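Beneath this line is the structure, given in structure tokens, with notes to follow.
Every read-out reported here was derived from the displayed coordinates using simple, explicitly stated rules and does not represent laboratory data. Note that the structure is a prediction, hence the values are computed from the model and not measured. We place every Cβ from the backbone using ideal geometry, glycine too, and count neighbours over all the protein chains shown.
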């Protein structure tokens with residue numbers, strides 16, 4: 001049994017020791033906004049924040065995050081500038097990778113509230129989007145951070 | 001499942017669109033014959049909400065927005081009060097032009113545009129008629145606008161008259177808006193699915209649950225064309241006694257357990273002996289040699305015009321090339337996933353599918369139940385690109401649920417997904433082309449060896465039907481048989497054929513020292529729409545000042561799925577790596593632009609996928625199976641590699657074209673042509689490797 005703090009709430013859940021946090025969040029706790037994409041930390045669809053840092057939840061064993069603060073897409077308020085910019089720029093197409101993209105952007109802005117376009121592109125290049133929404137993602141992040149688009 | 005009775009019970013004003021032998025017809029709910037159901041239901045409720053039951057799959061292309069928007073336009077209804085529900089699968093929802101319920105071929109909006117407008121306009125007139133009776137005010141003095149009936153200084157919501165309006169007869173010839181009156185068409189509305197896709201609330205196939213469900217993963221052979229011979233579960237059973245293992249008719253071995261992670265752990269203990277296969281042991285080179293050898297086989301002549309061989313021999317400029325293009329993986333970000341529950345007298349399937357009809361067929365076959373006992377729930381699709389019109393994964397989940405008597409959720413891991421195949425087919429193409437000394441192409445002989453889709457129609461897609469006026473033409477195909485499964489992939493045949501044809505045109509122009517854009521204009525002189533698309537791309541890209549030998553700027557034009565597209569790419573080489581800086585894209589979509597931003601986003605996306613194909617993608621083989629089984633090795637385009645994209649939309653008086661696919665085919669050849677003019681590099685196989 002593990003005690004997880006997710007989006008400010010405490011969940012008690014039983015899982016395998018080596019079970020990736022992703023599957024616990026998604027399938028056991030049914031917070032399905034966090035997505036499975038590759039299972040090896042390459043695509044970024046499963047990105048969550050652990051103690052304020054972006055992490056690929058498909059690589060994080062659930063046993064390693066007890067007591068840590070986990071933030072998922074569901075925990076970011078709907079009126080957050082990033083979510084608003086995402087809607088204004090009409091970023092998503094299929095939408096599947098977008099939770100991970102937004103979580104990475106959220107972590108980036110925590111570390112660097114005014115990133116340059118180059119910094120945004122560099123950081124977001126670790127996330128895959130098959131629909132090709134990249135340019136809109138960059139625009140939305142710059143918009144949310146008040147930077148030059 | 002929504003039935004006719006449910007809709008009548010919902011109250012308000014309900015109309016339906018049904019396909020009759022003479023075409024689409026608009027019907028009132030109670031006029032729908034009992035044993036039939038319409039293709040689309042539209043309901044305006046008492047509380048003034050418009051709900052549209054859409055018979056298409058939303059996979060990112062915006063169909064949940066595009067179709068309802070057209071109804072809301074004629075109804076003159078506020079967009080924020082419009083809702084969408086996926087229509088349940090069944091005969092009534094079959095797409096009339098395709099004969100099955102399928103989202104593909106870039107056809108959704110173009111097929112339904114007129115009837116959707118008629119539906120909205122009819123509802124508006126029925127509301128006006130009923131309001132006139134209730135208020136005792138002549139119809140001419142009432143205005144229906146923005147969801148309100150306006151009578152002098154008073155206004156009432158449409159919803160207030162919806163029940164009464166439902167008793168009105170359908171107007172015979174409702175007045176349609178003139179384009180000047182449009183509030184949405186040509187301008188667009190915010191996508192209906194964007195807020196929930198931004199908040200993590202959109203439900204995809206992988207996000208569905210049923211109480212007491214089991215999970216399932218499928219172990220696949222290490223090489224294509226093999227079946228399990230012997231399945232040794234002894235180690236699995238020792239550690240995971242509850243886990244069930246059995247073979248599936250797809251050739252995979254199912255591992256079912258109480259959680260996804262249980263299944264993943266259990267499959268590590270599984271020992272499967274696989275049968276032999278024709279391609280066992282094959283590497284990339286073996287595929288290449290095999291396809292090249294097939295080019296020597298006698299082909300089927302698809303089209304012949306004039307005397308191509310004679311023209312070739314007599315011409316001063318000749319080009320002969322052989323192209324190799326690999327198998328491509330769809331890489332939908334959501335891997336195949338499905339939840340099926342086959343009960344004794346009922347079957348429920350949650351699927352991210354592009355083909356509800358084929359899901360239904362599978363469910364009928366596996367369950368033995370009649371259609372009326374099967375409920376197919378279409379979820380959002382985390383990417384489709386053609387792959388999710390294949391329903392093998394759905395059949396696998398159904399088979400497992402039947403065997404275990406429980407709801408079963410199947411999840412393909414990324415490795416399982418890529419190993420499951422159904423790739424964009426591999427192809428080898430041989431082309432001989434000739435021109436007079438001005439570079440005017442006077443002959444083209446095209447021969448392709450490829451696994452045939454659509455009875456071989458896809459093999460020659462974009463060549464056999466091209467608009468270039470080439471007097472002597474030969475198109476041949478060789479149908480290849482191999483145990484590697486193949487399937488549709490965003491504009492499929494046009495992906496490989498546009499690449500070979502469009503690069504050949506530039507090779508001819510390069511040899512003749514002529515401008516390839518001018519050459520295309522000459523070849524397209526008989527098609528004013530195509531001509532204008534190329535001309536417009538020249539203008540918008542600043543062709544005359546940017547193009548030239550030594551400048552890495554390239555163009556490609558292609559017609560597919562009813563639309564013409566022409567791209568101009570600006571490219572450079574940085575440390576032997578191709579860098580694409582900008583793509584100017586022009587697309588002609590036919591008579592009108594329904595939703596400009598949906599078109600723009602589709603073209604942006606198609607260009608991203610086309611570039612990915614040009615620069616990075618290839619399914620590579622080891623021992624007859626996929627070697628690059630995850631994104632670290634099967635790499636797709638990233639944000640860093642995404643160029644600036646400028647999309648220009650043109651219209652022309654003709655049938656409406658599609659927008660999901662046509663932006664893809666010209667991308668790779670435009671880049672390759674830029675490399676030819678800028679650096680003298682000839683690309684004959686993809687992805688581009690320098």
Notebook entry, point to check: What average count of beta carbons from other chains do you get within 10 Å of the Cβ of residues in B:609-615?
Noted result: 1
Notebook entry, point to check: What number, rounded to the nearest 500 deg cm²/dmol, is the helix-based mean residue ellipticity at 222 nm of chain B, given -39500 (n - 2.57) per DSSP H run of at least four residues and division by all its residues?
Noted result: -8500 deg cm²/dmol
Next item on the list: For the stretch A:81-144, divide the Cα radius of gyration by the Kirkwood radius and give the resulting Rg/Rh value with two decimals.
Entry: 0.91
Next item on the list: Give me the number: length gained by fully extending residue B:574 to residue B:649, i.e. 0.36 nm times residue separation minus the C-alpha to C-alpha distance, one decimal in nm.
Entry: 23.8 nm
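Would you order B:492, B:480, B:301 from fewest to most other beta-carbon atoms within 10 Å of each residue's own beta-carbon?
Ordered by Cβ neighbours within 10 Å, fewest first: B:301, B:480, B:492.
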Note to self: Students often check this: by mean Cβ neighbours within 10 Å, which of B:322-331, B:419-428, B:545-554 ranks highest, and how do the rest follow?
What the structure shows: B:419-428, B:322-331, B:545-554
Checklist line | P(r) histogram, all alpha-carbon pairs of the stretch B:457-534 included - 5 Å bins from 0, percent | finding: 3, 12, 20, 23, 19, 10, 6, 5, 2
Next item on the list: Go ahead and run the numbers for FRET between residue B:344 and residue B:582, Cβ-Cβ distance against an R0 of 45 Å, rounding to 0.05.
Entry: 0.15
Check: Once the piece of chain linking residue B:154 and residue B:293 is laid out straight, how much longer is it, given 0.36 nm per residue of separation minus the C-alpha distance between them?
Finding: 42.2 nm
Margin query: For B:20, A:40, which order do you get if you count the other beta carbons within 10 Å of each Cβ and list the fewest first?
Written below: B:20, A:40
Check: If we restrict to alpha carbons, what Rg and Dmax does chain A come to, in Å?
Finding: 14.9, 47
Checklist line | Two-site label geometry, residue B:481 and residue A:116: point separation in nm, points 7 Å out along Cα→Cβ | finding: 6.1 nm
Margin query: What does the structure give for B:328-336 when I average, per residue, the other chain Cβ atoms found within 10 Å of the residue Cβ?
Written below: 5
Check: Computed FRET efficiency, Cβ-Cβ of residue B:469 and residue B:321, R0 22 Å: what is it to the nearest 0.05?
Finding: 0.55
Notebook entry, point to check: Ranking B:232, B:588 by Cβ neighbours within 10 Å, fewest first, what do you get?
Noted result: B:232, B:588
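How crowded by other chains is A:123-129, given as the mean number of beta carbons from other chains within 10 Å of each beta carbon?
5
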Check: Over the stretch A:81-144, what relative contact order in percent results from Cα pairs under 8 Å that are six or more residues apart?
Finding: 56 percent
Check: For residue B:526 and residue B:309 in one chain, what is 0.36 nm times their gap in residues minus the Cα-Cα distance, to one decimal in nm?
Finding: 75.7 nm
Next item on the list: Output the antiparallel fraction of DSSP beta bridges having both residues in chain B, as a percent to the nearest 5.
Entry: 75 percent
Notebook entry, point to check: Taking every DSSP beta bridge that has both residues in the protein assembly as shown, what percent is antiparallel when rounded to the nearest 5?
Noted result: 75 percent
Next item on the list: With no solvent and one equal point scatterer per Cα, compute the Debye intensity ratio I(q)/I(0) for the protein assembly as shown at 0.07 Å⁻¹ and report its log10, rounded to two decimals.
Entry: -0.56
Notebook entry, point to check: To the nearest Å, what is the center-to-center distance of the stretch A:1-73 and the stretch A:118-149, using C-alpha atoms only?
Noted result: 24 Å
Check: Å³ per residue of the Cα convex hull, for chain B?
Finding: 167 Å³
Margin query: Once you place label points 7 Å from the Cα toward the Cβ at residue A:1 and residue B:134, how far apart are they in nm?
Written below: 5.8 nm
Item checked: Separation of alpha-carbon centers, the stretch B:314-367 and the stretch B:584-609, rounded to whole Å -> 24 Å
Next item on the list: Calculate the translational D of the stretch A:2-75 in whole µm² s⁻¹ from Stokes-Einstein, where the hydrodynamic radius comes from the Kirkwood formula applied to all Cα pairs, the temperature is 4 °C and the viscosity 1.567 mPa s.
Entry: 110 µm²/s
Item checked: Residues in the stretch B:217-236 reached by a label modelled at residue B:273 [backbone nitrogen below 20 Å; 7 Å Cα→Cβ] -> B:219-236
Notebook entry, point to check: What percent does the relative contact order of chain A come to when contacts are Cα pairs within less than 8 Å and at least six residues apart?
Noted result: 24 percent
Note to self: Counting C-alpha atoms alone, how compact is the stretch B:535-690: give Rg to one decimal and Dmax as a whole number, in angstrom.
What the structure shows: 16.2, 53
Next item on the list: Summarise the long-distance tail of P(r) for the stretch B:400-540 by giving the % of C-alpha pairs beyond 20 Å.
Entry: 58 percent
Checklist line | Over chain B, relative contact order from alpha-carbon pairs under 8 Å, at least 6 apart, % | finding: 14 percent
Next item on the list: Whole Å is fine, so just give me how far the alpha carbon centre of the stretch B:272-305 lies from that of the stretch B:383-408.
Entry: 30 Å
Next item on the list: Within 10 Å, count the other beta carbons around each residue, average over each peptide in A:109-118, B:527-536, B:496-505, and list them highest first.
Entry: B:496-505, B:527-536, A:109-118
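Between residue B:238 and residue B:632, what FRET efficiency follows from the Cβ-Cβ distance if R0 is 35 Å, with the result rounded to 0.05?
The pair residue B:238/residue B:632 has a calculated efficiency of 0.60.
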Next item on the list: Rank by packing, highest mean first: peptides B:657-663, B:624-630, with packing defined as the count of other Cβ atoms within 10 Å averaged across residues.
Entry: B:657-663, B:624-630
